[in-house]
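Take a look at the structure below.
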Amino acid sequence: MSRHGYSGFALIEVLHTAQELFGYLSPTLLKTIAHKLKLPPSRVLGVATFYHFFSLKPKGEHTFVVCIGTACYVAGGYSLVQKLEHRCAKAGHTTEDGKVSVETARCIGSCGLAPAVVYDGNVLPRVTPGILDTELDRIGVQ
Amino acid sequence: MNAEQLRDNQNEELDRQQGLQNRILCCTAAGCISCGADGLRQALAGEVETQGLKGKVEVCGTGCLGLCSRGPLVLDSARKRLYGNIKAADAPAILAGTAQSNLAERSIDMEVPFFTRQMKIVLANSGRVDPEKLADYIAVGGYQSLAKALEEMTAREVIEEVRKSGLRGRGGAGYPTGVKWALVAKQPPQTKYVVCNADEGDPGAFMDRSVLEGDPHRVLEGMAIAGYAVGAQQGYIYVRGEYGLAIQRLQNAIKQAEREHLLGTRILEQGFQFHIDLRIGAGAFVCGEETALIASIEGKRGQPRQRPPYPPASGLWGQPTLINNVETFANIPPIIEKGGDWFASIGTATSKGTKVFALAGKIANTGLIEVPMGMTLREILFDIGGGIPGGKFKAAQTGGPSGGCIPEQFLDTPVDYESLSKIGSIMGSGGLIVMDDTSCMVDVARFFMEFCMDESCGKCIPCRAGTVQMHDILQRITTGEASPAELDMLKTLGTLLRETSLCGLGQTAPNPVVSTLKYFPEEYEAHIRERRCPARQCKFAPGEEEVPA
């Protein structure tokens with residue numbers, strides 16, 4: 001925060017860094033940020049909920065982000081979402097044991113490799129439900 | 001560094017490169033990295049070490065080589081051979097250049113239309129320079145356009161050159177760039193800003209990403225020239241948060257350029273100063289709209305506001321602001337170098353230059369291409385794209401969720417701003433997605449409407465409520481529950497959204513629906529009246545018997 005001179009303009013940068021450090025934005029964290037940047041807490045919450053990138057809930061041990069941009073949609077991205085929803089949790093949620101988070105993204109810009117899944121930060125190209133099954137078995141998901 | 005040192009550095013680096021026996025270029029754009037390009041590059045570099053070829057053979061990472069579907073790609077520049085689907089284990093064979101059978105199979109002919117029919121201006125350096133090395137960019141003449149502008153041209157002459165080139169905004173709307181620059185320049189002297197819109201949100205588009213990853217210095221140079229022309233000293237690049245690699249390479253490039261006085265204070269030892277900072281987006285499609293983007297840079301919710309005043313009059317923090325797209329800025333250095341007349345000689349009467357397209361979907365050669373304006377869709381899709389593998393062409397989608405679907409009868413339409421809008425689509429930022437007969441057009445329309453519904457910022461009611469209503473009807477059509485009267489309702493809602501929404505997102509949200517209704521009415525009819533999906537994609541709600549196809 002001091003790098004940005006505690007300026008309210010830097011709110012999005014601060015939220016990015018906070019999420020990187022803590023994994024998600026807890027209510028206490030948001031209140032601290034609001035206090036330090038001298039912004040109303042409503043403004044901080046408003047910005048944090050407006051952007052998809054910020055998460056107000058803790059993430060699971062592993063994260064699958066299924067791309068459902070146009071190219072991945074045409075190539076069958078939804079079948080991957082269905083597979084993950086069937087075996088793990090609904091899109092946007094984490095399994096109860098905190099093992100896997102399932103998310104969707106609107107195009108990650110890897111359209112030449114459709115359908116793509118970002119698995120713990122790495123892009124998997126040309127994914128099939130079978131590949132997901134193998135990976136889920138490997139990390140021990142029932 | 002001053003202009004003279006810049007030229008010395010160029011010659012030095014060129015001499016060094018010519019002294020090498022070979023340069024092995026390894027594509028390290030996001031696509032190839034996700035197929036293992038990083039490990040491959042290390043394996044190649046390791047192999048050079050073990051064979052004692054250090055100082056003779058150089059292994060570099062480069063920007064996108066174009067043919068993403070065959071990644072990871074490696075280019076042997078001495079033997080002029082391109083290989084696809086290369087594994088780390090292939091490193092010794094590549095260095096030896098042997099005509100080993102399994103390598104020869106994966107060598108890609110560079111005389112095919114995919115390469116020969118393209119014309120590269122924006123992507124000229126992509127696949128030639130290492131995006132992480134400033135010396136490489138200087139070797140191909142980098143920053144000399146900036147030097148030329150600062151030393152030989154007045155700000156007015158720079159704008160005149162851009163105006164003469166006929167360059168139009170590459171973000172989609174196609175506003176003449178020279179006119180926009182002149183608008184900002186004519187504001188009285190005060191704090192002004194230059195903003196690069198790199199919030200490439202259209203699903204199915206990855207042109208800007210490839211330019212930023214493959215040639216970041218080019219964009220910085222274009223922005224600095226713009227800053228000089230309009231009288232700004234501060235620039236911002238607003239990048240999508242999803243583009244981690246692009247962010248990392250931009251940060252690196254800015255640092256390098258500042259160290260050499262190509263950015264920052266006393267640029268090229270002239271009196272001009274220009275700083276560039278990055279702003280990272282956080283996943284909101286609407287932030288591609290210029291007023292929403294400004295709000296987001298200011299740290300607020302990215303909601304658009306009423307225009308006018310337009311950003312050239314009142315933009316970032318109420319100051320005059322120039323906003324251009326990545327590809328637009330990347331076109332600037334060659335225009336200054338070779339002149340506006342040269343640029344204007346390419347393309348059609350109203351659309352000059354080239355356009356980068358991201359080919360994706362049901363097409364043989366997915367990847368990144370750049371073609372002169374005015375080429376027909378048929379040439380792009382069938383000559384360059386290699387056609388549709390195993391299927392029949394149904395539609396091409398341009399312009400993302402704001403664009404339309406182009407059916408077969410318009411395949412001979414030349415690609416320029418006017419022709420595309422005449423047939424109900426738009427140029428857009430350059431995503432080109434091909435669909436074959438397994439895609440249901442109603443479901444495609446529903447898909448885009450779902451996108452707009454999710455991404456609507458909620459500020460104005462036509463967009464917030466209208467997209468939900470339209471999506472609801474489309475959803476019911478794809479499950480066979482809609483009545484024929486709802487089709488008219490869909491059309492009425494479409495007109496309403498187009499006429500009354502606040503910003504481009506809502507105004508163009510009905511486009512995919514309108515164009516599919518116009519060109520594929522029989523698919524809508526089949527869903528509603530016969531409860532049948534011609535593409536056999538939609539699952540109908542249980543209840544009545546499904547009519548067999």
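Pairs meeting the criteria (first residue in segment A:2-21 and more than 11 Å from chain B (Cβ to nearest Cβ) and farther than 16 Å from B:LEU278 by Cβ, second residue modelled with pLDDT of 85 or more and not in a helix (DSSP H, G or I), beta carbons under 7 Å, at least 6 apart or on different chains) are A:ALA18/A:LEU25.
Step by step: first the residues of segment B:285-306, then only those that are among the basic types (Lys, Arg) and within 8 Å of chain A (Cβ to nearest Cβ), then the one that is surrounded by the most Cβ atoms within 10 Å (Cβ to Cβ). Which residue is that?
Restricting attention to segment B:285-306, the residues satisfying the condition of being among the basic types (Lys, Arg) are B:300-301, B:305.
Applying the additional criterion that residues be within 8 Å of chain A (Cβ to nearest Cβ) yields B:300-301.
Details: B:LYS300: 18, B:ARG301: 21.
Once the filter is applied, the top-ranked residue is B:ARG301.
Within segment B:100-123, is even one residue under 28 Å from B:GLU242 (Cβ atoms) and within 14 Å of another protein chain (Cβ to nearest Cβ)? Among the residues of segment B:100-123, at least one is under 28 Å from B:GLU242 (Cβ atoms) and within 14 Å of another protein chain (Cβ to nearest Cβ), which makes the answer yes. When residues of segment B:159-201 are filtered for being of a type in the set (Ser, Thr, Tyr), more than 14 Å from chain A (Cβ to nearest Cβ) and in contact (Cβ under 8 Å) with a residue 24 or more places away in the chain, how many remain? Result for segment B:159-201: 3.
Residue by residue, here is whether (1) of a type in the set (Asp, Glu); (2) touching a residue at least 40 places away in the same chain (Cβ under 8 Å); (3) assigned to a loop (DSSP other than H, G, I, E, B); (4) in contact with a Lys or Arg (Cβ under 9 Å, 6 or more places away or on another chain) holds:
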position	(1), (2), (3), (4)
A:PHE54	no, no, yes, no
A:PHE64	no, yes, no, no
A:ALA91	no, no, yes, no
A:GLY98	no, yes, yes, yes
A:SER101	no, yes, no, yes
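Filtering segment A:35-57 to residues that are more than 12 Å from chain B (Cβ to nearest Cβ) and crowded, with 19+ Cβ neighbours inside 10 Å leaves nothing. Only one of the numbered conditions (1) within 23 Å of B:LEU183 (Cβ to Cβ); (2) within 14 Å of chain A (Cβ to nearest Cβ) is violated by B:ALA358, and that is (1). Among the residues of segment B:24-70, just one is within 11 Å of chain A (Cβ to nearest Cβ), more than 22 Å from B:ILE247 (Cα to Cα) and either among the aliphatic types (A, V, I, L, M) or outside any helix (DSSP H, G or I) (or both), namely B:LEU67.
Quick one: which residue in B:GLY71, B:GLY52, B:GLY19, B:GLY36 is surrounded by fewer than 14 Cβ atoms within 10 Å (Cβ to Cβ), more than 26 Å from B:GLN256 (Cβ to Cβ) and out of contact with any Leu (no Cβ under 6 Å at 6 or more places or on another chain)? Matching residue, one of B:GLY71, B:GLY52, B:GLY19, B:GLY36: B:GLY52.
Screening segment B:216-236 for residues that are in contact with a strand residue (DSSP E or B) (Cβ under 9 Å, 6 or more places away or on another chain), in contact (Cβ under 8 Å) with a residue 60 or more places away in the chain and under 16 Å from B:ASN252 (Cα atoms) and picking the one that is nearest to the other protein chains (Cβ to nearest Cβ) gives B:TYR236. Within the span defined as segment A:105-124, every residue fails to be more than 16 Å from B:ALA30 (Cα to Cα) and of a type in the set (Val, Ile, Thr). Inside segment B:271-284, can you point out the residues that are within 18 Å of B:LEU212 (Cβ to Cβ) and either crowded, with 23+ Cβ neighbours inside 10 Å or within 14 Å of chain A (Cβ to nearest Cβ) (or both)? Matches in segment B:271-284: B:ASP277, B:LEU278, B:ARG279, B:ILE280, B:GLY281, B:ALA282, B:GLY283.
If I go through segment A:110-126 residue by residue, how many of them are part of a loop (DSSP other than H, G, I, E, B) and within 17 Å of B:ALA37 (Cα to Cα)? Within segment A:110-126, residues that are part of a loop (DSSP other than H, G, I, E, B) and within 17 Å of B:ALA37 (Cα to Cα) number 5. Candidates are the residues of segment B:387-408 that are within 13 Å of chain A (Cβ to nearest Cβ) and either modelled with pLDDT under 90 or not in a strand (DSSP E or B) (or both); the one that is farthest from B:GLU327 (Cα to Cα) is B:GLY391. Please go through segment B:449-484 and pick out each residue that is hydrophobic (A, V, I, L, M, F, W, C), in contact (Cβ under 8 Å) with a residue 24 or more places away in the chain and either away from chain A (no Cβ under 12 Å) or surrounded by fewer than 16 Cβ atoms within 10 Å (Cβ to Cβ) (or both). Matches in segment B:449-484: B:MET449, B:CYS460, B:CYS463, B:MET470, B:LEU474, B:ILE477, B:ALA482. Here B:PRO320 passes the criteria (1) modelled with pLDDT of 95 or more; (2) crowded, with 24+ Cβ neighbours inside 10 Å; (3) within 23 Å of the chain's Cα centre (by Cα) except the one numbered (3). Criterion first (farther than 23 Å from B:TRP342 by Cα and in a helix (DSSP H, G or I)) does B:ALA135 satisfy it? Judged against the criteria, B:ALA135 is a match. Evaluating B:GLY204 against the criteria (1) within 14 Å of chain A (Cβ to nearest Cβ); (2) at negative phi leaves one unmet condition, (2).
Residues checked against (1) part of a helix (DSSP H, G or I); (2) at pLDDT below 95:
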residue	(1), (2)
B:GLY458	no, yes
B:ARG464	yes, no
B:THR467	yes, no
B:ILE473	yes, no
B:SER483	no, yes
B:LEU505	yes, yes
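Quick check on B:GLU370: is it surrounded by fewer than 24 Cβ atoms within 10 Å (Cβ to Cβ), in a helix (DSSP H, G or I) and not assigned by TED's automatic domain parsing to the domain that holds B:GLY71? For B:GLU370, the condition - surrounded by fewer than 24 Cβ atoms within 10 Å (Cβ to Cβ), in a helix (DSSP H, G or I) and not assigned by TED's automatic domain parsing to the domain that holds B:GLY71 - is not met. A single entry from A:VAL74, A:VAL66 fulfils the requirement of being assigned by TED's automatic domain parsing to the domain that holds A:LYS99, at pLDDT 90 or above and buried (at least 18 other Cβ atoms within 10 Å of the Cβ): A:VAL66.
The values are calculated or read from the model by the stated rules, or taken from the named source; none is laboratory data. Predicted, not measured: the structure shown is a model, and the values here were computed from it. Glycine gets a Cβ as well: all are built from the backbone with ideal geometry, and neighbour counts include every protein chain shown.
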